[in-house]
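The block underneath contains the structure these notes are about, expressed in structure tokens.
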Amino acid sequence: LTENHESRPAQLKLMKKALGIYRELLAAGVVERIPDDERDAEGRSVRLTVHLQANFALNQPLSPFALAALELLDPESPSYALDVVSVIEST
């Protein structure tokens, strides 16, 4: 967040936004903190708790809503695939 061409005030604004998104994801259980003794070779301190497609963008305002809505759908329903596509397209 600091290694870019933004001005310092713009960087601080981006950091504040990123921290807010992180806190929301942590509170929603989408990510979790990794204890120090369980960190991988790259030292990651956070991991996803849900499986997401590779290009899923969590920085979009309605993405957390989409995740919550998907959990409410019945995977056994004949319309499940269409329901998933509808949720993603609507957000």
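Laboratory data are not the source of any read-out in this text; all were calculated from the coordinates shown. What you see is a predicted model; the values in this text were computed from it and never measured. Quick reminder, even Gly has a Cβ in these numbers, built from the backbone with ideal geometry, and neighbours come from all protein chains shown.
Between residue 39 and any residue 5 or more places off or on another chain, the built amide H atoms are never under 5 Å apart. With R₀ set to 25 Å, the beta-carbon distance separating residue 21 from residue 51 gives a calculated FRET efficiency near 0.85. Axis of helix 80-90 versus longest Cα principal axis of the chain: the two differ by about 40°, to the nearest ten degrees. Database remark: amide H of residue 46 closer than 5 angstrom to the amide H of 34 (H placed geometrically; neighbours at sequence offset of 5 or more, or on other chains; Pro and chain starts carry no H). Averaging the sequence gap over all C-alpha pairs within less than 8 Å and six or more residues apart, then dividing by the number of residues, gives region 1-50 a relative contact order of 27 percent. A Förster radius of 41 Å combined with the Cβ-Cβ distance from residue 88 to residue 3 puts the calculated FRET efficiency at roughly 0.85. For the chain, the mean residue ellipticity at 222 nm estimated from helices alone is -15000 deg cm²/dmol, where every DSSP H run of n ≥ 4 contributes -39500 (n - 2.57) and the total is divided by all residues, rounded to the nearest 500.
Once backbone amide H atoms are built at 1.01 Å from N, residue 31 has 26, 49 as its partners under 5 Å, excluding neighbours fewer than 5 places away on the same chain. Between 0 and 90 degrees, the angle of helix 8-28 with respect to the longest Cα principal axis of the chain falls at about 40 degrees.
Of the peptides 73-84, 37-48, the order by per-residue mean of other Cβ atoms within 10 Å, starting with the highest, comes out as 73-84, 37-48. Helix 63-72 against the longest principal axis of the chain: what's the angle in degrees, Cα atoms only, rounded to the nearest 10? Its long axis makes an angle of about 30 degrees.
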